[in-house]
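No lab work stands behind these numbers, since they all come straight from the coordinates. Values in this document were obtained by computation on a predicted structure and should not be read as measured data. Please note: Cβ atoms are built from the backbone with ideal geometry, for glycine as well, and neighbour counts cover all protein chains shown.
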Amino acid sequence: MNMNFERKLPIPLEIKEQYPLSEELKKIVDKRAEEISDIFSGKSDKLVLVIGPCSADNEDSVIDYISRLRTVQDKVEDKIFIIPRIYTNKPRTTGDGYKGMLHQPNPDEKPDMLKGIVAIRNLHMRALKETGFSCADEMLYPENYRYLNDILAYVAIGARSVENQQHRLVSSGLDIPVGMKNPTSGDISVMMNSITAAQHKHTFIYRGWEVHSEGNPLTHAILRGYVNKHGQSLPNYHYEDLLHLAEAYAKTDLVNPGVIVDTNHANSGKKYLEQTRIAKEVLHSCRHDNDIKKLVKGFMIESYIEDGAQKIGEHTYGKSITDPCLGWEKTEKLILDMANLL
């Protein structure tokens, strides 16, 4: 076998015992989970905003950014429910490049998975303790989910993972909202099948156990745009796209129909400044069609302290080292503008 087994890593239970949540923090997680569930089940008409850096590359700047979100959240809390993005593991199209804090707690140093596991738990715990935010992360590796399952508010399944059976089955056993992205091909039937699988009960192997899941009624769609056969990015957030998704949901027996619109990636063609326009266009669509208004639960926006992106090693504080992000001033204005449009 062409693999070197360096060391056996601690299981999630051992990490949680070393870095436990206090009873006070557990109550915050539970309260936010209830509020989020009410939004996705239609009991609340607040808008969810999953927002933050493309990748959580630096603990201090991420906490700085989330602390700024806290101030804005207090201004818009009657209309918008903010879930900060703390994405600690990143899919790479070719497999090369920075794979996130889980792999490299320090992007300038070589990978260290043990330090990475501790680093991502500490970062999520610090955000919870200092800002009162339970946050979102991408479930890139289903077997690693339990290192954070007592902290997270929201989980996303990426465009490259949405067809994977293990992602679907593990999602069926989660008790928080799980967003299924459309695949990079844009075929929404793949996304809808993934949502169906995650909402149903299953028996499967997970971390060496035979487990039985109860199904996750909070599983929903994320539209992120797609790439055609010529490699061109094309959007799927327009009025007609949302109507088409509403019609697709209507043909199923899925509960809690919902969609989060990802304003970056192929929807923006990675032109990060377009995110502001895209969010406002979708809100305009919501005002013109009640079915779309009921369907759209919120947005996913890539945002950080500084506009754009940088290369690893440039060390500009609060600037993405993966996809370019909307800077803080534009972010704050966008959130306030969105609240005024609701």
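Points worth noting:
- Considering only region 40-341, percent of DSSP beta bridges that pair antiparallel, nearest 5: 20
- Counted charge near Val76, where neighbours are those whose Cβ lies closer than 11 Å (Asp, Glu -1; Lys, Arg +1): -2
- Ranking Ser194, Ala339, Gln73 by how far each Cα lies toward the positive end of the dipole of the chain (charges on Cβ) leaves Ser194 at the top.
- Summarising the strand pairing of region 145-235, around 50 percent of its internal DSSP beta bridges are antiparallel.
- The 3J(HN,Hα) values that the Karplus relation (6.51, -1.76, 1.60; θ = phi - 60°) gives for region 311-328 are, in residue order, 7, 4, x, 7, 6, 7, 4, x, 10, 4, 10, 10, 6, x, 10, 6, x, 5 Hz. Gly and Pro appear as x.
- Cα-based Kirkwood hydrodynamic radius, region 40-341, one decimal, Å: 19.3
- Protection proxy ranking of 57-67, 257-267, by the mean of other Cβ atoms within 10 Å over each peptide's residues and highest first, is 257-267, 57-67.
- Alpha carbon centroid spacing (whole Å) that separates region 161-202 from region 291-315: 22
- Relative contact order, whole percent, for the chain stands at 16, derived from Cα pairs under 8 Å and 6 or more residues apart.
- Helical contribution to [θ] at 222 nm, DSSP H n ≥ 4, -39,500 (n - 2.57), averaged over the chain, rounded to 500: -12000 deg cm²/dmol
- Ignoring lysines fewer than eight residues from Lys297 along the same chain, the ones with Cα atoms less than 16 angstrom from its Cα are Lys43, Lys46, Lys79, Lys181, Lys280.
- With the simple spin-label model, which puts each label point 7 Å out from Cα in the Cβ direction, the Lys31 to Glu109 separation comes to 3.6 nm.
- Taking label points 7 Å from Cα along the Cα-to-Cβ direction, Met3 and His200 give a separation of 2.9 nm.
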